[in-house]
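Right, one structure below, let's go through it.
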C-alpha cells in the first residue's frame, strides 16, 4: 500500500477507511468515516433515533474490524440480548461492502427514552464476531458477554480475552442537520477509530494483569496498571483519549486532520484509503435456495392468500415474489439443472 505523511490537514472523504501507523509509539490503526452508506442503511428502515445511533456504532465497529481481513471473506458482528434492541447484525464483505439491520421492541425503545445509550438498549446477552472465509473449516468466532456495556467496551473485552492485543476503540454517530440527506435535509454519519499496540518485542505488549479475586476484605487494591504497561502504549492511549465524538463524524474534520492533531509531535504515516459502500448480498437465487431448504410443510405454510410466496430481505427491504410452482419445479430438477 502507498504511504504518505499526515503533516498538514487535507480534505477527507466519506465512506472510507484510512489505515495509519505511529512508529515511534509502535501503534497501528484505522479510522473509518461512514456518510451516505450508513445514511442509506438507517433511513431505509426508519429506525428511532436511539436505535439508529446504536446500529451506526455497530456498523462503524464492524468496518473497523472487518477491513483488517487480508483475503476475500466476510466479517459479521451479531448481538443477541434481552434489551429493547434484542438483535443486531452487521456484515462486512471484504474489501468494501457493508450491510446492517436491527430488531427491536418499539414500545420498550420508547420507554427507554430519547437519551438511552447503547448499553441500556442492548441489555444482557452476548456479542459474536465471526470471520468466514467461505467454508466451515475456515470459520472463526469470538464471543463476548454483554453485561450492560456498549460496543466500545465489548470490543476492548474481545481483544483482551481473544486476541491478547492492547487495543483502543472509539465510536461516534450523529445526525447532521445541514446537508443533503435522503429525508428532511438531514443525514446520518458514523465514525470510528481503532488503535493497537504492536511492538516488535512481545514482552512489551503484555496486558495489565487482572485484579486477583481473593483479595482479603478491607485491603485496597493498588492501581499499578500503568507500571505494567509500556510507556509508549500509555502515551498513545492518553492521546486517543482526547478524541471527541464530533471529531469522528464532522465532515469538516478529515481523518488526516484528526491524526495530525493527535500524533504530529511523534510523526504519523497514513496509507492508501479504502472505500466502503452499502451493498446487500441478497438475490433471487439466494432466496430460492433458502426456500428450497424448507420442508414441504413449511413451504406450504408460507404461501400467502394470493397464492404466492413473499420474502422481504431484512437488510435492504427488497421484496421477492415467488411462484410456489416454480419453487417446487426447481426442487424436482435440482438447483444446478
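A short reminder: the numbers here are calculations on the coordinates, not readings from a lab. Quick caveat, the model's predicted, so the values are computed rather than measured. Quick reminder, even Gly has a Cβ in these numbers, built from the backbone with ideal geometry, and neighbours come from all protein chains shown.
Values computed for the structure shown
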item	result
Projected-area average for the stretch 36-171 over all orientations - Cα convex hull basis, square nanometres	8.1 nm²
For the stretch 284-333, alpha-carbon Rg over 2.2 N^0.38 Å	1.08
Separation in nanometres of the label points that stand 7 Å from Cα toward Cβ, at residue 265 and residue 82	4.7 nm
Length-normalised contact order for the stretch 284-333 - Cα pairs under 8 Å, 6+ apart - percent	32 percent
